[in-house]
Amino acid sequence: MDRRAIFFLGAGTVSAAVITPTESGLRWVPTVLTAIYILLALVSYLDWRSNNR
Amino acid sequence: MENLALFAVIAIALAFDFTNGFHDAANSIATVVATRVLTPRLAVVWAATFNFIAFLVFHTGVAGTIAKGVVKADVLSIGVVFAGLMGAIAWNLVTYFLGLPSSSSHALVGGIVGAGVAKAGFSAVVSSGLSKIAVFIVLAPLTGLAVAFIFMTIVLHIGARFRSVDRINRGFRRAQLFSAAAYSLGHGGNDAQKTMGVILALLIAAHKVPATSDVPLWVVLSAHSAIALGTLSGGWRIVHTLGSRITRLQPAGGVAAESAAAATLFFVTAHNIPVSTTHTITGCIVGVGSIHRLSAVRWGVAGRVVWAWLLTIPGAALVAALLYSIVSVF
């Protein structure tokens, strides 16, 4: 399994976990970060899979 | 007597800003030195200059958060601020000699919280302000990491077009001067304001200025001068840890890391949030290092950094609480 994808997934999970405690005006920051990290995890995984075929 | 104590604690606050300079400000030039774009001496002068002129760019909202958003204003006294500062300075010195890039900012927040709690219990804490700071302890490095990763991806795509990473790196050597300057500006803007906030809190507690007062100009200039002088004094242990031990950086990576850190710091400063500049640049360096593969990041060192982060607020709070207990006897 791609370690970088797992790392980004972990970062996305942490970002998602702080959405609720973030004050409402800035809640979009962890939300956007979560989306970015999930996207990066997906791209990393696809990149790893294509390199390992 | 009170004026003398006030003067002494302001001097300690500026000394803290100075230690912040040699402890944290060196981060601004870690990548420039690691990639040999500037000599260490020139890099230090470059960073100090932009640390100083940051007061021309940013408003003083971060100072307001420190002065009124960590511990309730009626709890603040000269004794509380003194114990908080001394706790933060003691923690900074310990991590400095251990070569750990921990956060001076969180040491300060932890110190003030610890002294405030020692004086008036947990009700002294402004929970909304503290939670905002706590959330960005996590978000600042994660934001920097993501932005740096994206910037580095763009750089590599440009490199692929030119079909020569070496050519790209040559081009980015000069660009790194601007990214380091932008980062130093962001660092000066956020970190110097923490000292301004402490001094503003002291002035309010001593009834020298009204509670609604902005930061006086002499406080702004003093804080920026102290951090710039601290930067000039260097902080090579930390530079070495960040610049070469976490991951090796090329000029293109340095530009990506510093630009990402500068963008993150500009954003949080505009939203009055005190963050750790150390956390931010470390996240950015990890972001750049992980673009190729995660093994490019030296996770053992990064792990020590994380431990230092986790321990800083409770560690500084504990030291400050102990100090306040001693101070309050007198």
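Observations on the model:
- Qualifying residues in the stretch B:278-330 (those that are hydroxyl-bearing (Ser, Thr, Tyr) and open to solvent by 10 Å² or more (accessible area, probe 1.4 Å)) - the one modelled with the lowest pLDDT: B:Ser295
- Residue count for the stretch A:4-53 satisfying the condition of being touching a Lys or Arg at 6+ places or on another chain (Cβ under 9 Å) and either touching a residue at least 60 places away in the same chain (Cβ under 8 Å) or over 20 Å from B:Gly283 (Cβ atoms) (or both): 5.
- Candidate set: the stretch A:6-24, residues that are within 10 Å of chain B (Cβ to nearest Cβ) and in a helix (DSSP H, G or I); chosen: the one surrounded by the fewest Cβ atoms within 10 Å (Cβ to Cβ): A:Ala17
- A:Leu40 meets all of the listed conditions (1) facing chain B (nearest Cβ under 9 Å); (2) more than 21 Å from B:Phe149 (Cα to Cα) but one, namely (2).
- Failed item, numbered, when B:Leu100 is tested on (1) touching a Phe, Trp or Tyr at 6+ places or on another chain (Cβ under 9 Å); (2) buried (at least 24 other Cβ atoms within 10 Å of the Cβ); (3) among the aliphatic types (A, V, I, L, M): (2)
- Set side by side, the residues B:Ser123, B:Ser128 differ, and just one is within 13 Å of another protein chain (Cβ to nearest Cβ), open to solvent by 20 Å² or more (accessible area, probe 1.4 Å) and not charged (D, E, K, R), which is B:Ser128.
- Flag if B:Thr241 is of a type outside the set (Gly, Ala, Ser), open to solvent by less than 10 Å² (accessible area, probe 1.4 Å) and modelled with pLDDT under 85: yes
- Helices (runs of 4 or more DSSP H) lying entirely in the stretch B:35-120 (those with 1 or more residues that are under 21 Å from B:Ser213 (Cβ atoms)): B:61-68, B:78-98, B:104-120
- Residues satisfying the stated conditions in the stretch B:268-292, i.e. over 21 Å from B:Val198 (Cα atoms), part of a loop (DSSP other than H, G, I, E, B) and either in contact with a strand residue (DSSP E or B) (Cβ under 8 Å, 6 or more places away or on another chain) or not hydrophobic (A, V, I, L, M, F, W, C) (or both): B:Ser290, B:His292
- Flag if B:Thr95 is open to solvent by less than 50 Å² (accessible area, probe 1.4 Å) and within 14 Å of another protein chain (Cβ to nearest Cβ): no
- Residue within the stretch B:22-35 that is surrounded by fewer than 18 Cβ atoms within 10 Å (Cβ to Cβ) and in contact (Cβ under 8 Å) with a residue 12 or more places away in the chain present: no
The values are calculated or read from the model by the stated rules, or taken from the named source; none is laboratory data. Here the structure is a predicted model, which means the values were calculated and not measured. Neighbour counts run over all protein chains shown; Cβ positions are idealised from the backbone, glycine included. We work out accessible area using only protein heavy atoms, side chains counted, and drop any ligands, DNA or RNA first. Shrake-Rupley method; radii C 1.70, N 1.55, O 1.52, S 1.80 Å.
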